[in-house]
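Since the structure comes first, as structure tokens, the remarks are kept for the end.
All of the numbers you see were taken from the coordinates with simple rules; none came from a lab. Being a predicted model, the structure only gives us computed values, none of them experimental. Quick reminder, even Gly has a Cβ in these numbers, built from the backbone with ideal geometry, and neighbours come from all protein chains shown.
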Amino acid sequence: MEGSMSDITGAATKKFNIKGWPRTSDSMSDAIGGTPLILLRGISEATGCKIYGKAEFMNPGGSVKDRAALAIISDAEARGQLKPGGVIVEGTAGNTGIGLTLVALARGYRTIIVMPETQSREKIDFLRMIGADLRLVPAKPYRDAGNYVHVSRRIAEETPGAVWANQFDNIANREGHRRTTAPEIWSQLDGRIDAFTCACGTGGTLAGVALGLADASRAAGRARPRIVLADPEGSGLAGWVKNGDLTPSGSSITEGIGQSRVTGNLEGVTFDDAEKIPDAEALELIFALQMQEGLSLGGSSGINVAAAARTARKLGPGHNIVTILCDGGARYQSKLFNPAFLRQKNLPVPSWLQDEM
Ligand code: PMP
């Protein structure tokens, strides 16, 4: 007989290196993190490097932001700021709101989520579905008082007992990645990492992983990996890394990334390079990863993988490069995977993608 139960559990134990599998968890928080590091075959073969994606779309809330949400809520609890029944307020492109709301549900809190109305229908619907008190606001630049971040801060100030998550400047965000994401990557590759590429929204993932990999390298007496910023059009950060100029230009259909200020989470991080990635280049990779490797991903993952591919070409064959697969494609069906939307943005429509019936 093929595949007895003990064969299956044996294989799983070996594959995931889980001690004492199967195990139980006390809550959904335990399901955050511990994600696989997946070899991206196509671009690895094309570049002669090994390019790995950290599968953050596998978190319970479907994105890398579950880690920040858990870290921020745990930090507020430890400081005594969050009491049972308390309210967490945040401005977000959506994923942090989803992570915060799910962790809040598990721990007996409520959330008020402020989000620009330009973000994908799917994220908005999901936030409504899980009972967030959702406040959609017009998209405004950070310098404008109506920007979603400032609106969320004011709501937190006006709501008795509320905690403002403040993911951009609250470094509990990056510390979460420094404590979990970075050591996971380090142990998954036994420290053999030459470069890490990542886009920046708050900078929590990028800075936390960069700092955590530097910590681990120092402890092992090795040189730290190269840190490469992956930047979409419309963001000022690549210019800042290269020549200190933060002025943004252009625009992108990607969500949750791009920045025109140095956030608290980004402060003190040393960059070795920056790659400015046009949407068309990111989309081509997203479509290839989905149709050739079965990895359905969102736009920021495409920016990250494109920067990893460019880094591989710059470094030459034989290097190990790690990037982040931030969330899944299903969160953007109405945009990145919608022929009408792509045509409207003058982006190529892949042949397998059919118009809605
Ligand atoms: N990708 C997606 C899809 C996101 O929602 C976000 C967070 N806004 C990021 C990437 C960026 O992550 P970070 O905030 O840690 O920089």
Kirkwood hydrodynamic radius, the range 81-130, all distinct C-alpha pairs: what's the number in Å? 11.0
Taking GluC sites (Glu not before Pro) in a DSSP loop with at most 14 other Cβ atoms within 10 angstrom as exposed, one finds the longest site-free stretch of the chain at 118-266
Relative contact order for the chain: what is it in percent, counting Cα pairs under 8 Å that are at least 6 residues apart? 18
Could you tell me which chymotrypsin sites (Phe, Trp or Tyr not before Pro) in the range 118-163 are loop residues by DSSP with no more than 14 other beta carbons within 10 angstrom of their beta carbon? Tyr142
By its C-alpha gyration tensor, with a ≥ b ≥ c as the square roots of the eigenvalues, how is the range 31-126 shaped: rounded for a/c under 1.5, else prolate for a/b larger than b/c, else oblate? prolate
Would you kindly state how much longer the chain becomes between Arg261 and Leu189 on full extension, computed as 0.36 nm times their sequence separation minus their alpha carbon distance, in nm to one decimal? 22.7 nm
All other residues with a Cβ under 14 Å from the Cβ of Asp327 taken together, and with Lys, Arg as +1 and Asp, Glu as -1, what is their net charge? +2
Just to verify a number: FRET efficiency for Asp169 and Glu356, C-beta to C-beta distance, R0 = 51 Å, to 0.05? 0.80
If Lys and Arg each add +1 and Asp and Glu each add -1, what is the summed charge of the other residues whose beta carbon sits under 10 Å from the beta carbon of Leu229? -2
Using the Cα gyration tensor of the range 229-274, with a ≥ b ≥ c the square roots of its eigenvalues, what is the shape: rounded (a/c below 1.5), prolate (a/b larger than b/c) or oblate (neither)? prolate
By Cβ neighbour count within 10 Å, fewest first, Cys49, Cys198 rank Cys49, Cys198
R0 = 22 Å: FRET efficiency of Gln344 with Ala139, Cβ-based, nearest 0.05? 0.80
For the chain, set up a Gaussian network in which alpha carbons nearer than 10 Å are linked by springs, and say which option among Ser25, Ser251, Ser63 fluctuates the most. Ser25
Loop-resident trypsin sites (Lys or Arg not before Pro) in the range 51-101 with no more than 15 other Cβ atoms inside 10 Å, DSSP not H/G/I/E/B, are Arg79
Prolate/oblate/rounded label for the chain (Cα gyration tensor, a/c 1.5): rounded
Count of Lys pairs (Cα-Cα under 24 Å; at least 8 positions apart or interchain) in the chain: 29
Value of relative contact order over the range 87-198, rounded to a whole percent, pairs C-alpha under 8 Å and six or more apart: 27
With N set to the residue count of the range 77-207, report its C-alpha Rg divided by 2.2 N^0.38 Å to two decimal places. 1.14
Give me the distance in nm between label points sitting 7 Å out from Cα along the Cα-to-Cβ direction at Arg313 and Glu158, one decimal. 5.0
FRET efficiency for Thr24 and Asn243, Cβ-Cβ distance as r, R0 = 35 Å, nearest 0.05? 0.10
